[in-house]
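Here's the structure we're looking at; comments come further down.
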Amino acid sequence: MYILEDLWYGKVAPNNRSFKRGSRYQEIIHALDECEQSLLGVLPENESTLLKAMVDLQSELLDISERDSFIKGFQTGAKIIMDVLGQTDTQLPLLHDLGTTE
């Protein structure tokens, strides 16, 4: 099956990512959660609400940034493919313009 079919049928979800247990990534997530819980435990209610709002906004910002990087990555990949296929502006003649096939 082609990757586009897998994408269509939901077998490929590029935005779903996992991480390895015991990795640095997991350690940071755990540390962030502990910090947040500690702060929520000592802050008054109105400031706890503010902290939660800040965490949510940071999460939304990260989502926007990751989505943009994902799109830019695909665009860069497509540009590379177009370049490899000779579909790019160049001042030098391409091989097929010189009458050779190799």
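The numbers here are math on the coordinates, done by the rules we state, and not lab data. The model shown is predicted, which means the values in this text are computed figures rather than measured ones. Note: ideal-geometry Cβ built from the backbone for every residue, glycine included; neighbour counts use all protein chains shown.
Before moving on, here are some points about what is shown:
- Label-point gap, in nm, between Phe70 and Glu47 - each point 7 angstrom along Cα→Cβ: 3.7
- Working from the Cα coordinates of the stretch 1-81, the gyration tensor eigenvalues give, after taking √(5λ), semi-axes of 36, 16, 12 Å in decreasing order.
- Each Lys and Arg adds +1 at its Cβ and each Asp and Glu adds -1 at its Cβ; summed about the Cα centre, the stretch 15-98 shows a dipole of about 400 debye.
- Approximating the spin labels as points 7 Å out from Cα along Cα→Cβ, the Glu36-to-Val12 distance works out to 3.1 nm.
- A cut-off under 14 angstrom between Cβ atoms defines the neighbours of Leu62, and their net charge, with Lys, Arg +1 and Asp, Glu -1, is -3.
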